[in-house]
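*Asks:* Take a look at this one; I'll ask things after.
The values are calculated or read from the model by the stated rules, or taken from the named source; none is laboratory data. As the structure is a computational prediction, the values presented were derived from the model and not from experiment. Note that we place each Cβ from the backbone using ideal geometry, even for glycine, and neighbour counts take in every protein chain shown.
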Amino acid sequence: MEAGDLSRRLGDFYLVATEVLRDVTEPTEQQIKHWIVNPFLVTLGWDPDDKKQVFLDYPIKADGSHADYALLDQGGKPRVILDVKRPPNPGTDSEKAIKNAKSVVAPLALVTNGQEFSLWYVSESEQPTPLFVFALKELADNAEALLGLTADFRVSDSGIALLRKSAIRSAVLQMLEENSEKTFDALVGWVQAQVAPGALDDSTDEAIREATIVWLNEEHLSMAMFAPGPHEKKYADLRVTTAKDWEPFPRGPSGTFQYKFDSSKTLDLRQSPKEVKETLRRQGFKTATATAFGGFYYQLRQRAGLKMAS
């Protein structure tokens with residue numbers, strides 16, 4: 001399963017989940033299991049009816065305590081302990097799940113209250129570390145972070161490695177975003193230092209800044225820390241696209257487009273530039289340069305009669 005496929009599946013799951021919960025203000029734990037957790041596992045490719053994959057009420061101790069769910073690997077060993085909370089208990093209340101995971105030597109603990117999902121890495125030698133905390137509505141936009149949790153991996157070591165790598169990448173990217181001005185100024189300063197003394201006029205300074213923007217938006221994707229996982233497309237492999245390749249989606253609201261040569265690939269231009277760019281990338285596309293994306297986004301919004309996003 002690729003990130004694009006998982007994103008679409010998670011989007012469908014979100015629509016169904018919100019629909020069934022719409023008129024239920026205080027769902028029981030059992031309702032959360034049937035309406036949210038089981039469909040969520042199915043979305044990830046697991047079969048809740050197959051006890052060799054998903055073990056309900058998994059025994060933890062001889063005294064009768066149990067975990068709500070355990071996801072098993074090919075050898076039948078528990079690899080994910082899943083704990084279900086009933087609102088208003090937060091989906092980040094992971095103490096019980098982590099304790100149970102340690103008891104059965106499972107490397108992952110997943111907690112949800114139907115509205116929040118938090119995943120923890122549990123090691124015998126390290127402190128438990130959070131891999132992600134997503135609201136129900138955020139799952140589809142973070143499909144790459146969940147790939148290692150799909151049944152394709154059966155929570156193998158490679159799946160766990162992918163989950164940890166995705167978490168580190170997300171944390172680093174967030175740190176860079178929060179410090180983007182410092183990062184940008186530091187890089188510009190370094191490039192300026194390489195220019196011969198007296199050669200730094202206004203046009204040279206502007207060219208350096210434009211080149212730096214392109215580098216920050218494109219070249220960092222080739223760095224090891226940001227390298228795609230085994231199921232992701234490398235940036236160089238993405239297909240170049242322009243606004244001419246997209247036409248209004250006939251079955252969607254105004255502002256949605258489909259790729260002329262593959263109607264399964266769609267864009268919702270009512271979203272922010274960042275969200276549209278990420279959707280493009282997940283579907284295997286890029287614009288000719290990082291700076292070309294702004295024109296691509298503007299042309300499609302203009303064609304749809306939408307105002308420019310603030």
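*Asks:* Please specify each residue of segment 50-64 satisfying the condition of being without any contact (Cβ under 8 Å) to a residue 24 or more places away in the chain and in a loop (DSSP other than H, G, I, E, B).
*Replies:* Once the filter is applied, which keeps residues that are without any contact (Cβ under 8 Å) to a residue 24 or more places away in the chain and in a loop (DSSP other than H, G, I, E, B), segment 50-64 yields 50, 51, 62, 63, 64.
*Asks:* Another question, if that's okay. Quick check on residue 84: is it without any contact (Cβ under 8 Å) to a residue 40 or more places away in the chain and more than 15 Å from residue 148 (Cα to Cα)?
*Replies:* Values: without any contact (Cβ under 8 Å) to a residue 40 or more places away in the chain: no; more than 15 Å from residue 148 (Cα to Cα): yes.
No.
*Asks:* Would you call residue 144 assigned by TED's automatic domain parsing to the domain that holds residue 74, of a type in the set (Asp, Glu) and either touching a Ser or Thr at 6+ places or on another chain (Cβ under 7 Å) or surrounded by 15 or more Cβ atoms within 10 Å (Cβ to Cβ) (or both)?
*Replies:* Working: assigned by TED's automatic domain parsing to the domain that holds residue 74: yes; of a type in the set (Asp, Glu): yes; either touching a Ser or Thr at 6+ places or on another chain (Cβ under 7 Å) or surrounded by 15 or more Cβ atoms within 10 Å (Cβ to Cβ) (or both): yes.
Spelling it out, residue 144 is indeed assigned by TED's automatic domain parsing to the domain that holds residue 74, of a type in the set (Asp, Glu) and either touching a Ser or Thr at 6+ places or on another chain (Cβ under 7 Å) or surrounded by 15 or more Cβ atoms within 10 Å (Cβ to Cβ) (or both).
Matching residues to (1) within 22 Å of residue 47 (Cβ to Cβ); (2) among the aliphatic types (A, V, I, L, M):
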residue	(1), (2)
75	yes, no
86	no, no
97	yes, yes
117	yes, no
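*Asks:* So, in segment 12-49, how many residues would count as being assigned to a helix (DSSP H, G or I), within 13 Å of residue 85 (Cα to Cα) and of a type in the set (Asp, Glu)?
*Replies:* Matching residues across segment 12-49 total 1.
*Asks:* When you scan segment 85-92, do you find a residue that is crowded, with 19+ Cβ neighbours inside 10 Å, touching a Ser or Thr at 6+ places or on another chain (Cβ under 8 Å) and of a type in the set (Ser, Thr, Tyr), even just one?
*Replies:* no
*Asks:* For segment 253-310, which positions are outside any helix (DSSP H, G or I), closer than 15 Å to residue 4 by Cα, touching a helix residue (DSSP H, G or I) at 6+ places or on another chain (Cβ under 8 Å) and touching a residue at least 24 places away in the same chain (Cβ under 8 Å)?
*Replies:* Within segment 253-310, 259, 267, 283, 284, 286 qualify.
*Asks:* Can you name every residue in segment 1-31 that is within 17 Å of residue 149 (Cβ to Cβ), touching a residue at least 40 places away in the same chain (Cβ under 8 Å) and either acidic (Asp, Glu) or surrounded by fewer than 12 Cβ atoms within 10 Å (Cβ to Cβ) (or both)?
*Replies:* Within segment 1-31, just 2 meets the criteria.
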